Amino acid sequence: MNKVVNSVEEALDGIQDGMTLMLGGFGLCGIPENSIAQLVKLGVKDLTCISNNAGVDDFGLGLLLQGKQIKKMISSYVGENDEFERQMLSGELEVDLIPQGSLAERCRAGGAGIPAFFTPAGYGTEVAEGKEVRIFNGKPHILESALTADFAIVKAWKGDTEGNLIFKATARNFNPMMAMAGKITIAEVEELVPAGELDPNFIHTPGIFVQRIFKGEKFEKRIEQRTVRQRN
Amino acid sequence: MALDKNGIAQRIAQELRDGWYVNLGIGIPTLVANYIPEGIEVEFQSENGILGMGPFPFEGEEDADLINAGKQTITARKGAVFFDSATSFAMIRGQHVQLTVLGAMEVAQNGDIANWKIPGKMVKGMGGAMDLVASAENIIVAMMHTNRAGESKILKECTLPLTGVGCVKKVVTDLAVLEIKDGRFHLIERAPGVSVEEIVSKTEGDLVVPDHVPEMKL
């Protein structure tokens, strides 16, 4: 089944004000840069964005925050972004902070048809407020519900025309679970190859989870914390 | 003299055991990797999706696709593996990781820890810390004994929003190694040249002090 669309415009067709989007990435690593740029261009507003982080002031989801396109963020860590902090403290932006492992599992559950699950993470903290608590093996756990999205937008290293995806290094992060949890999943890839060129033994995300795939025009791949060691 | 951040990391590294998988948090914990005792092998897990994390890359060899949970560029050791975030937290929640080292703003004598939010001032989020502390069997907190105003961060009760309850068993600070048992802190070691009196005066929580408190050997 050919999932290829020819442009980022075509890939993001149908995204409207007020929708819920999932966006892959950890910090600026493995984020769908081309799609984010297109969301800025489209100017869609009142978005609920589910993403581990919120980018930095001038890159990643920070670009959508600058344009006040996001109504609500669901994330685990939002440091490194002054505009985010300003909008949150002033109450302009609604923020739901959830433990990283729970965020990953809630996306996975959403894609896997599991409506909710119990986890020990967050028991006894603000995160547990209003949530059912149950004891398993003598230890308290809280009930967390699945997350899904109108569109999930992920970034992969290589993809084929069937939508099968391979990620590179730690740019994999949340992308595979979010790909599963989108009603429509869009994959932007660095290399797009014909079906049959990727070894089926080494596919990370099976194409069944992907509805649209396109080759990103340009990947800046910004580094957030450049740390190096000296050669002796 | 009180230890610096590297000294704290060096002391924590003495807790590493051969064959352990270890998750190091951001800040002082990251430095622990620089002091692995000779003759033992450990693998570092970073929750963004790598097992077998190596040192920082040489200049010019940074890869934007290869970072740790602190978003720093890193390298992968021989035998390293990459995985998605759900798999990563399966390792953590499923207790496949033997040791977690993380920082804290406050620790209480009942083992509670706070490290993700200062209401009205700083809200960065918990990241993976809540998952880590809720599941890890073996947690060491790396922190300074007091804040910049000189107030104790080793408390009877945490005042900040909690990250986890009753989970911390060991704390290594710039002044001391403390264990948490039976709802109290126990003084195990003191930093070289630091007096028991200084530690007692800078500890707000209940502290059990044995007759003899050995100095750390670094």
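The values are calculated or read from the model by the stated rules, or taken from the named source; none is laboratory data. Only a predicted model underlies this, so the values are computations on that prediction, with no experimental measurement involved. Positions of Cβ are backbone-derived with ideal geometry, glycine not excepted, and every protein chain shown enters the neighbour counts. Ligands, DNA and RNA are stripped out before the accessible areas are found, and what is left, the full protein with its side chains, is counted by its heavy atoms. Shrake-Rupley method; radii C 1.70, N 1.55, O 1.52, S 1.80 Å.
Okay, here's what the table says:
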{"read-out": "Per-residue SASA entry for residue A:123, accessible area with 1.4 Å probe, Å² rounded to 10", "value": "80"}
{"read-out": "Accessible surface of chain A [probe 1.4 Å, protein heavy atoms]: carbon and sulfur percent", "value": "48"}
{"read-out": "Accessible-area value, residue A:204, 1.4 Å probe, nucleic acids and ligands omitted, Å²", "value": "70"}
{"read-out": "Solvent exposure, largest accessible area first (probe 1.4 Å, DNA, RNA and ligands not counted), of B:158, A:29", "value": "B:158, A:29"}
{"read-out": "Low-density loop positions, GluC sites (Glu not before Pro), the stretch A:166-232 - DSSP coil, at most 15 other Cβ in 10 Å", "value": "A:197, A:217, A:220"}
{"read-out": "Within chain A, percent of DSSP bridges classed antiparallel, to nearest 5", "value": "30"}
{"read-out": "Among beta bridges that DSSP assigns inside the protein assembly as shown, antiparallel share in %, nearest 5", "value": "40"}
{"read-out": "Long-range amide H partners of residue A:184 with built H, under 5 Å", "value": "A:151, A:152"}
{"read-out": "Where A:135, B:180, A:213 fall by accessible area, highest first, once all protein chains stay in place (1.4 Å)", "value": "A:135, B:180, A:213"}
{"read-out": "Within 10 Å of each Cβ in B:129-141, the average number of Cβ atoms from other chains", "value": "5"}
{"read-out": "List A:185, B:30, ordered by accessible area with a 1.4 Å probe, largest first", "value": "B:30, A:185"}
{"read-out": "Heavy atoms of residue A:228 accessible to a 1.4 Å probe, total area in Å² rounded to 10", "value": "50"}
{"read-out": "Estimated inter-spin distance, residue B:41 and residue A:132, nm [label 7 Å along Cα→Cβ]", "value": "4.6"}
{"read-out": "Spin-label zone in the stretch B:126-148 - amide nitrogen under 20 Å from a point set 7 Å from the Cα of residue B:159 along the C-beta vector", "value": "B:143-148"}
{"read-out": "Bridge type composition, the stretch A:143-207 - antiparallel percent by DSSP, nearest 5", "value": "25"}
{"read-out": "Table column - 3J(HN,Hα) (Hz), the stretch A:27-32, Karplus curve with 6.51, -1.76, 1.60, x for Gly and Pro", "value": "x, 9, 8, x, 8, x"}
{"read-out": "Rounded FRET efficiency, nearest 0.05, which uses the C-beta distance separating residue A:1 from residue A:143 and R0 of 35 Å", "value": "0.45"}
{"read-out": "Nearest-0.05 FRET efficiency for residue A:10 and residue B:212, computed from C-beta distance (R0 60 Å)", "value": "0.20"}
{"read-out": "Near-label residues of the stretch A:30-63 by backbone N, under 13 Å of a point 7 Å along Cα→Cβ of residue A:82", "value": "A:57-58"}
{"read-out": "Set of the stretch A:75-102 residues, backbone N closer than 19 Å to the point 7 Å along the Cα-Cβ line of residue B:96", "value": "A:100-102"}
{"read-out": "Mean accessible surface per residue for chain A, computed with a 1.4 Å probe while every protein chain stays in place, in Å²", "value": "42"}
